[in-house]
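To start, the structure under review is shown below, and the notes come after it.
The values are calculated or read from the model by the stated rules, or taken from the named source; none is laboratory data. Keep in mind it's a predicted model, so treat the numbers as computed, not measured. Heads up, the Cβs are rebuilt from the backbone with ideal geometry, glycines too, and the neighbour counts pull from every protein chain shown.
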Amino acid sequence: MAGSAPTSPTPALTDLFTPKLVTVLREGYRLDDLRADALAGLTVAIVALPLSMAIAIASGTTPERGLFTAAVGGFLISALGGSRFQIGGPAAAFTVLVASTISRHGLDGLLLATIMAGAFLLLMGVFRLGSYIKFIPYPVTVGFISGIAVILFVGQLHDLLGLTLPAADPADILPKLAALAAAIGTLNPTALGIAALSVATIVGLRRWRPHWPGILIAVIATSLIGALLHLPVETIGTRFGGIPSTLPIPALPPFSLDKVQAVLPDAVAFALLGAIESLLSAMVADGMTGRRHRSNMELVAQGIANIGSALFGGICATGTVARTATNVRSGARSPLAGMFHSVFIVLFMLVAAPLASFIPLAALAGVLVVVAWNMAEKTAFATLLRTSPGDAVVLLATFGLTVFRGLTEGIVVGFALGALLFIHRMAQHAGVEVHVPPVPEDQADASRPPYDPAIATDPDVAVYRITGAFFFGAAATVGAVLERIADQHRAFVIDFSAVPFIDSTAANTMDGIARKAARHHVVLLISGATPAVRKSLAAHGVSAPTVLFERSISAAISAAHAEIARRHSTEVSAPA
């Protein structure tokens, strides 16, 4: 009909379910791309090595199972996934669920639940549910991530303090705290010192040498000190006998109908958390590079990866935000970087497995204490408590249930409360923008411009693009990205050219980003915002001169470099 607005063609199934690796090879893959991916994969593997073992230990299993997960699950996620940059492996968010499942059903129950979760994820992708899983309210995300961070921290106190417990460490947090308090008389000062040195090394290098592999350096340094001085601390070797140098032969865990029914709730929880974590990680990569992942293909890959990980004796695998962001910032150009990361993990097992026996458990506990601190959404938690009574109720309900009842209860109740709150707010602010649908994320790559790695690797300017309705489902992603790059760049560009409207949660997030950027002396620019979006942002304090507005990304990048030069000139000319 004349005057009708053009609509985007519906993507074909071959576009929706084509792995990004195939897309990259079709576009053309050169030798310099291979070199960039290999270097990025090595960089990520250096980060993932100690972290994978630490997460496995915190999950109540042996360290090699974390390496199996990173090697097998990570390889399959990159090879088959719908994101160019996703790095898969064991995730700290799973430690609570995995430890609880092992305590109730044993290792065989965990492996069976992981395979079932993989099947659920596979079906979720096939039935194209990926576009809906991400729409979880910001307070729910903050609440359950912060709750997991608290549980993860408490779970490290045993090894952090070198305590000797008369029985197995309880899974629930209140009995665990009681058991730790009763055993405080067995505190090992040497273990505490090793853990403190591990934390200090990671934090110090992150501040003064941010491009150095702080986690690996901390683990190597504490291992050398412990071995050379023969310190009385428990190590991987004394507790687990070391790690194997090869991958095991794949095998199915024993199962029965009764066992399947018993682990079904755990499998559902694994699938739900895996879907949320992996799609959040893929969205972070999208924001940092300007690409768009295929969420349904990503879920299919996550499902296959979890099945493969369990067959090789690994634990739950998912996309990981920190390692994926490291991959992008290391110059990755394709899924081959994630595949290289897994290959390097296997090479480490083959060459250096005996050396892992010297790693102190207190050092790995220190690593996870830093991970827990970074996971906790401290600023967002306080902001939500202050600014919105409704969001505060959702936040506290999710947080409390996650810590004291379980992750599944926390997400379900929090999502229900958040959905009711959202419906109420939309009813109060009815307007044409309420009915604008999000822009479809699953599109053929042929309709997008070629990937320019210079955007992601510019040492001074980071670019983040947002596509579709910017509301609570995307607000957490923007905040997570800034947390990782605000102190690594001198300017930050956020492109709003494809944002039809913005809600109060997202506008409040932008206000927080502007204040954080100012504290870090980072130039913040917004490009392509419509007058309606600029008005919403201004109502929440996002306006000039704190934020610079430009018409396009290219203009914003030019303005960013000009502002950086102006500030540098001012600093140089300022009197001593």
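Restricting the first member to the range 189-203 and to residues that are closer than 17 Å to Pro50 by Cα and in contact (Cβ under 8 Å) with a residue 24 or more places away in the chain, and the second to residues that are polar (S, T, N, Q) and in a helix (DSSP H, G or I), the beta-carbon pairs closer than 9 Å and six or more apart or on different chains are Ile194/Thr222; Ala195/Gln156; Ala195/Thr222; Leu197/Thr222; Ser198/Thr222. Residues that are on the phi > 0 side of the Ramachandran plot and touching a residue at least 60 places away in the same chain (Cβ under 8 Å): does the range 90-100 have at least one? No. None of Val219, Val260 is in contact (Cβ under 8 Å) with a residue 12 or more places away in the chain, touching a helix residue (DSSP H, G or I) at 6+ places or on another chain (Cβ under 8 Å), in a helix (DSSP H, G or I) and over 30 Å from Pro360 (Cα atoms) except Val260.
Residues checked against (1) of a type outside the set (Phe, Trp, Tyr); (2) on the phi > 0 side of the Ramachandran plot; (3) exposed (fewer than 14 other Cβ atoms within 10 Å of the Cβ); (4) touching a strand residue (DSSP E or B) at 6+ places or on another chain (Cβ under 7 Å):
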| site | (1), (2), (3), (4) |
| --- | --- |
| Lys516 | yes, no, no, no |
| His520 | yes, no, no, no |
| Leu525 | yes, no, no, yes |
| Gly528 | yes, yes, no, yes |
| Pro531 | yes, no, yes, no |
| Ser536 | yes, no, no, yes |
| Ser554 | yes, no, yes, no |
| Ala562 | yes, no, yes, no |
| Ser569 | yes, no, yes, no |
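Checking every residue in the range 343-360 against the condition of being surrounded by 24 or more Cβ atoms within 10 Å (Cβ to Cβ) and modelled with pLDDT of 90 or more gives at least one match. Determine whether Arg519 is outside the structural domain of Gly290 (by TED's automatic domain parsing), over 30 Å from Ala382 (Cβ atoms) and not polar (S, T, N, Q). Judged against the criteria, Arg519 is not a match. Taken over the range 369-385, residues that are at pLDDT 85 or above and of a type in the set (A, V, I, L, M) amount to 4. Taken over the range 474-506, the residue count meeting the criterion of being modelled with pLDDT of 60 or more, over 22 Å from Ala559 (Cβ atoms) and not acidic (Asp, Glu) is 7. The condition of being touching a residue at least 12 places away in the same chain (Cβ under 8 Å) and more than 29 Å from Ala99 (Cα to Cα) holds for only one of Leu384, Leu401, Leu395, that being Leu384. Taken over the range 365-383, the criterion of being of a type in the set (Gly, Ala, Ser) and either farther than 15 Å from Ser59 by Cβ or out of contact with any helix residue (DSSP H, G or I) (no Cβ under 7 Å at 6 or more places or on another chain) (or both) is satisfied by Gly366, Ala376, Ala380, Ala382.
Of the candidates Gly41, Gly130, Gly66, the single residue that is surrounded by 24 or more Cβ atoms within 10 Å (Cβ to Cβ), closer than 18 Å to Val300 by Cα and in the same structural domain as Lys259 (by TED's automatic domain parsing) is Gly130. In the range 326-342, how many residues are surrounded by 24 or more Cβ atoms within 10 Å (Cβ to Cβ) and over 20 Å from Pro19 (Cα atoms)? Residues that pass the stated criteria total 0. Within the range 162-170, can one find any residue that is under 19 Å from Val367 (Cβ atoms), in contact (Cβ under 8 Å) with a residue 40 or more places away in the chain and either touching a Leu at 6+ places or on another chain (Cβ under 7 Å) or of a type in the set (Val, Ile, Thr) (or both)? The answer is yes; a qualifying residue exists.
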